[in-house]
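Visitor: The structure that follows is given in the form of structure tokens.
The values are calculated or read from the model by the stated rules, or taken from the named source; none is laboratory data. Everything quoted here is computed from the prediction, not taken from an experiment. No Cβ is skipped: glycine too gets one built from the backbone with ideal geometry, and neighbour counts run over all protein chains shown. Areas reflect the complete protein model, heavy atoms only, side chains present, ligands, DNA and RNA absent. Shrake-Rupley method; radii C 1.70, N 1.55, O 1.52, S 1.80 Å.
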Amino acid sequence: MLPMPRLSIIIVSYNACAELEACLASLVAQPPSVDHEIVVVDNASIDGTPAAIRERWPGVRLIEAGANIGFARANNMGIRQTFGELVLLLNGDTIVAPGALDALVSVLDQRADVAVVGPRLVDANGRAELSFGPMIAPFAELWQKTLVGGNARGFGPAVAYVERATAREREVDWVSGACLLVRRADAEEAGLLDERYFMYAEDVDFCAAIRARGRKVLFTPIARVVHLRGRSVASAPRATEVAYRRSQLAFYAKHHPAWTPLLRAYLRVRGRLPDNY
């Protein structure tokens, strides 16, 4: 009998075969030293992703969701069908640097009080991404969006701020689900990801549920992962916008119900309120 892998790497895919294969290549070329498995949960891609996995990646286990069930639900499907003590949620549009996953695992091994750890995410040019932050709330969200937008546009003060912020290890409210390592026990105690979020905000909500149980979330710069953010968004901007707004409304209804009517009114005035809201 083969030993049970300690680390289960779960990648949700949807119509991004080229990016997914680049991600898998980075994992296979210089794999983590910890015993691991790689599982792709495919949300009914029509770009040949399932066939490519079967034909070119024999060491990768494919789970076909049968429909586009969303990010949170697909990740939960992967978690439920794996058994590793540690679970890595990884976006298919990432490139994992050598040693990055072992570095993340070492953080959890050294910090029994930490349930979740996330790495330093950078773009294709090496510019740091603000991949963590405070709990979503009206003013915190505005500040986060200002920094993220300024950093993406290359605005000097925002770039400098993000570079400084991502240069040191710190306890945070959440880390990005683009690359999030969690202890399975903590994930299960939190009830896994909330499936009301089709796409966006599920990582913030997941970390909040874990912190509510007295556990910690940590950002560390000792692990580096390239995140090719925005490539899937560019292919379907309207659908992405609707998914984001639905998740935003669901998050506020759950965590800040008093603000929800104001948010709904604001989105209505801007013409961005999704149907049935």
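Visitor: Can you give me the % of accessible surface on the chain that is carbon or sulfur? Probe 1.4 Å, all protein chains present, nothing else counted. Intermediate values should be presented prior to the final figure.
Guide: Values: 7320 of 12910 Å².
Roughly 57 percent, rounded to a whole number.
Visitor: Also: In debye, nearest 20, what is the charge dipole magnitude of the chain about its Cα centre with +1 on Lys and Arg Cβ and -1 on Asp and Glu Cβ, if you could check? List each step's numbers first, then the result.
Guide: Numbers: 32 positive and 30 negative charges, 178 e Å.
About 860 debye.
Visitor: Right, another one. Around Asp205, under 10 Å between beta carbons, what's the net of Lys plus Arg minus Asp minus Glu among the other residues? List each step's numbers first, then the result.
Guide: On the way: positive: Arg196, Lys254; negative: Asp194, Glu202, Asp203.
Around Asp205, the charge tally is -1.
Visitor: Also, I was wondering about something else. How much length, in nm to one decimal, is gained on full extension between Ile46 and Ala67, taken as 0.36 nm per residue of separation minus their Cα-Cα distance? Please report the intermediate quantities before stating the final value.
Guide: Details: separation 21, 0.36 × 21 = 7.56 nm, distance 1.05 nm.
Gain on stretching Ile46 to Ala67: 6.5 nm.
Visitor: Most mobile of Gly78, Gly48, Gly92 per a Gaussian network model of the chain (Cα springs, under 10 Å)?
Guide: Among Gly78, Gly48, Gly92, the largest GNM mean-square fluctuation belongs to Gly48.
Visitor: Taking the chain as the reference, fit the longest principal axis to its C-alpha atoms, fit the long axis of helix 260-270 to the helix C-alpha atoms, and give the angle between the two in degrees, 0 to 90, nearest 10.
Guide: It works out to around 80 degrees.
Visitor: Under 5 Å between amide hydrogens, which residues at least 5 positions from Gly133 or on another chain qualify, with H placed 1.01 Å from N in the peptide plane?
Guide: Asp173, Trp174
Visitor: In nm, what is the difference between 0.36 nm times the number of residues separating Val269 and Phe155 and their Cα-Cα distance? Present the calculation step by step, with values, prior to reporting the outcome.
Guide: Values: separation 114, 0.36 × 114 = 41.04 nm, distance 2.90 nm.
Stretched fully, the Val269-Phe155 segment lengthens by 38.1 nm.
Visitor: Between Glu85 and Asp109, what is the label-point separation in nm under the 7 Å Cα-to-beta-carbon projection?
Guide: Each label point lies 7 Å from its Cα, and together they span 1.0 nm.
Visitor: Using a 7 Å offset from the Cα along the Cα-to-Cβ direction at both Glu188 and Ala18, what is the distance between the two label points in nm, to one decimal?
Guide: Taking the two extended label points, one gets 4.1 nm.
Visitor: Assuming 0.36 nm per residue, please report the length gained on full extension of the stretch Ser33 to Glu169 beyond their Cα-Cα distance. It would help to have the intermediate numbers written out before the result.
Guide: Working: separation 136, 0.36 × 136 = 48.96 nm, distance 2.29 nm.
Length difference between fully extended and current span is 46.7 nm.
Visitor: Pairs of Cα atoms under 8 Å, at least six residues apart: use those to get the relative contact order of region 37-91, whole percent.
Guide: Numbers: 54 pairs, mean separation 21.9, N = 55.
This gives 40 percent for region 37-91.
Visitor: Further, regarding this structure: Under a Cβ-Cβ cut-off of 12 Å, what is the net charge of the residues other than Val60 that fall near it, where Lys and Arg count +1 and Asp and Glu count -1? Intermediate results must be reported in sequence, preceding the final value.
Guide: On the way: positive: Arg54, Arg56, Arg61; negative: Glu21, Glu37, Asp42, Glu55.
It works out to a net charge of -1.
Visitor: Same structure again: Report the charge-dipole magnitude of region 1-120 in Debye, nearest 20, computed about the Cα centre from +1 at each Lys and Arg Cβ and -1 at each Asp and Glu Cβ. List each step's numbers first, then the result.
Guide: Numbers: 8 positive and 13 negative charges, 31 e Å.
Roughly 140 debye, rounded to the nearest 20.
Visitor: Let me ask something else about it. Tell me the relative contact order for the chain as a rounded percent, counting alpha carbon contacts under 8 Å between residues six or more apart. Don't skip to the answer; put the middle values down first.
Guide: On the way: 501 pairs, mean separation 58.8, N = 277.
For the chain, the relative contact order is 21 percent.
Visitor: Calculate, for the chain, the solvent-accessible area per residue in square angstrom, rolling a 1.4 angstrom probe over the heavy atoms of the protein chains.
Guide: Numbers: 12910 Å² over 277 residues.
Per-residue value: 47 Å².
Visitor: For the chain, what does -39500 (n - 2.57) per DSSP helix run (n ≥ 4), summed and divided by total residues, give at 222 nm, in deg cm²/dmol to the nearest 500? Could the numbers behind the result be given before it?
Guide: Details: 11 runs with 118 residues, N = 277.
About -13000 deg cm²/dmol.
Visitor: For Ser13, what residues show an amide H to amide H distance below 5 Å, using hydrogens built from the backbone and excluding near sequence neighbours?
Guide: Correct list: Val41, Asp42, Asn43.
Visitor: Please identify, among Ala250, Ala18, Ala29, the residue showing maximal mean-square fluctuation in a Gaussian network model of the chain using a 10 angstrom Cα cutoff.
Guide: Judging by the Gaussian network model, the answer is Ala29.
Visitor: For helix 138-152, report the angle its Cα long axis makes with the longest principal axis of the Cα atoms of the chain; keep it between 0 and 90° and round to the nearest 10°.
Guide: Result, in degrees: 60.
Visitor: Roughly speaking, what is the centre-to-centre gap between region 111-142 and region 143-196 when only Cα atoms are used, to the nearest Å?
Guide: 1
Visitor: Relative to the longest principal axis of the C-alpha atoms of the chain, give the angle of the C-alpha long axis of helix 237-255, reported between 0 and 90° and rounded to the nearest 10°.
Guide: 80
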